[in-house]
Amino acid sequence: MLFANCIPVIGAINAIICDLQNSAYYPIPKDLAELLKKDSGKNVKWFQINYSKEDYQVIIENFDFLTEHGLGFYTKDKDSFPRLSNFWGDPSLINNAIIDTGKKSSHDYKKILNELVATGCRHLQLRFFKAIDLKELSSILKLIPKTSFRSIELVLSDFKESISSIESFVSNYPQVILIIVANRNAKEQYNFQETRVLITDEKIIDHTSCGKVSKEYFSINTSSFIENKRFNSCLNKKVGIDLNGKVKNCPSCEKCFGNANEIDLSETVMKQEFQKLWSVNKDQVAVCKDCEFRYICPDCRAFTEENHLYGKPLKCGYDPYKGSWD
Ligand code: SF4
Ligand code: SF4
């Protein structure tokens with residue numbers, strides 16, 4: 001049997017086992033994945049009777065691979081090992097948000113942040129597409145109650161102060177877990193207390209830099225796996241506020257639901273129209289529905305092939321019909 005947290009996912013030509021406890025995935029032959037789904041829980045004798053001698057030998061070798069990698073085990077008591085529940089729930093109205101700020105932005109941060117806290121939002125990303133220093137960042141972060149967001153990420157496209165100055169800055173804001181300093185001539189990483197600081201030469205100029213899909217961004221854990229089977233892996237319970245204060249599903253989406261300085265965020269995100277994209281899952285998306293990575297991969301609904309609601313993310317270079325990346 002496979003452990004309950006080890007789940008096979010079958011694609012057009014390939015298959016993987018997602019090990020949700022150890023945040024890993026293992027490519028396996030598609031035939032083995034199909035067998036594990038179809039004949040899961042059958043005893044070894046059953047395979048010996050129902051398969052040819054050669055096939056049985058291959059099956060046992062594959063089972064040995066699974067047990068050696070801690071993905072499966074032999075048991076005479078399969079009923080004592082229930083499958084993973086598919087229930088996923090989150091009591092908060094919104095659990096993650098992105099706020100973009102540019103030169104001309106005039107966000108009423110106090111109002112917006114308080115309204116986000118009221119939705120139960122736990123993860124906040126603040127992206128600054130303008131020159132910013134630590135003094136200005138502090139003036140915004142000071143508006144955030146210490147017991148509100150569980151994590152805050154900062155994306156800085158034009159930050160000129162020294163990296164060492166960030167070390168004392170982060171000690172005042174323990175919720176800040178990640179700072180990305182883009183458009184630098186270097187690639188470096190620092191850990192200042194609980195905060196990871198990534199210096200990158202990546203060009204992040206505006207919201208169009210978002211939406212890239214690559215193996216690095218795969219998220220392999222039980223909660224996101226179950227969530228991704230039913231909901232959108234980027235936009236579920238997300239709200240975005242763009243440079244102009246427009247409230248959207250994310251800052252890159254076209255549809256605007258009003259200005260954040262003027263409307264009530266909770267009322268807005270409760271609208272059926274706002275939540276429409278939350279349930280677009282990968283089993284409904286062209287190409288992705290045939291991809292073995294569909295429950296661990298991020299999605300993007302803002303940049304899609306042919307700008308279609310159910311189009312494959314435009315910035316994904318994987319072809320599940322060939323099993324190769326660009
Ligand atoms: S939908 Fe695309 S552009 Fe919007 S936040 Fe998600 S990945 Fe980024
Ligand atoms: S094809 Fe779809 S599911 Fe597969 S890696 Fe690309 S975006 Fe993810």
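Taken together, the values in this text are just the output of simple stated rules run on the coordinates, not laboratory data. Predicted model, so just to flag it, every value in this text is computed and none were measured. Cβ atoms come from the backbone with ideal geometry, glycine included; neighbour counts cover every protein chain shown.
Points worth noting:
- Where the alpha-carbon atoms of the stretch 168-268 are placed on the principal axes, they occupy 40, 34, 28 Å, in descending order.
- A simple charge model with +1 on the Cβ of Lys and Arg, -1 on the Cβ of Asp and Glu and nothing else charged puts the dipole of the stretch 6-80 at about 220 debye relative to its Cα centre.
- Full extension of the chain between N244 and E167 gives 24.6 nm of extra length, using 0.36 nm per residue less the Cα-Cα distance.
- Separation of the Q284 and E34 label points, Cα + 7 Å toward Cβ, nm: 2.9
- The charge dipole of the chain, taken about its Cα centre with unit charges on the Cβ atoms of Lys, Arg (+1), Asp and Glu (-1) only, comes to about 580 debye.
- Added length on full extension, which subtracts the Cα-Cα distance from 0.36 nm per residue, E306 to H69: 81.2 nm
- Set of lysines with alpha-carbon distance to K146 below 20 Å, sequence-local pairs under 8 removed: K110, K111, K135
- Residues D108 and Q193, FRET efficiency given R0 of 25 Å [Cβ-Cβ distance, rounded to 0.05]: 0.25
- Exposure proxy shown here: for L277, L309, the number of other Cβ atoms within 10 Å sets the order, fewest to most, as L309, L277.
- Two-site FRET efficiency, K160 against K255, from Cβ-Cβ distance with R₀ of 25 Å, rounded to 0.05: 0.10
- DSSP beta bridges fully contained in the chain are about 45 percent antiparallel.
- Alpha-carbon centroids, the stretch 68-116 and the stretch 295-326: separation in whole Å: 21
- Listed residue pairs exceeding 20 Å between alpha carbons, taken from K187/K238; K282/K315; K103/K203; K130/K276; K271/K315: K187/K238; K130/K276; K271/K315
- Local net charge near S92, Cβ-Cβ under 15 Å (Lys/Arg +1, Asp/Glu -1): +1
- The peptide list 112-124, 64-76, put in order of mean Cβ contacts within 10 Å with the highest first, becomes 112-124, 64-76.
- The order of M1, M270, going from fewest to most other C-beta atoms within 10 Å of their C-beta, is M270, M1.
- Dipole magnitude of the stretch 96-278, debye to nearest 20 (Cβ charges: Lys/Arg +1, Asp/Glu -1, about Cα centre): 340
- By the beta-carbon count within 10 Å of each Cβ, the least crowded to most crowded order of W325, W278, fewest first, is W325, W278.
- Projected label distance in nm at N221 and N183, using a 7 Å step from Cα toward the beta-carbon: 3.2
- Lysines with Cα under 26 Å of K53, excluding same-chain neighbours fewer than 8 positions away: K30, K37, K38, K42, K45, K76, K78
- Tensor-based shape of the stretch 6-80 (alpha-carbon gyration tensor, a/c under 1.5 rounded, otherwise prolate or oblate): oblate
- Two-site FRET efficiency, T200 against S52, from Cβ-Cβ distance with R₀ of 51 Å, rounded to 0.05: 0.40
- Close amide H contacts of I180 (hydrogens built in the peptide plane, cut-off under 5 Å, sequence separation of 5 or more or a different chain): L154, V155, L156, L198.
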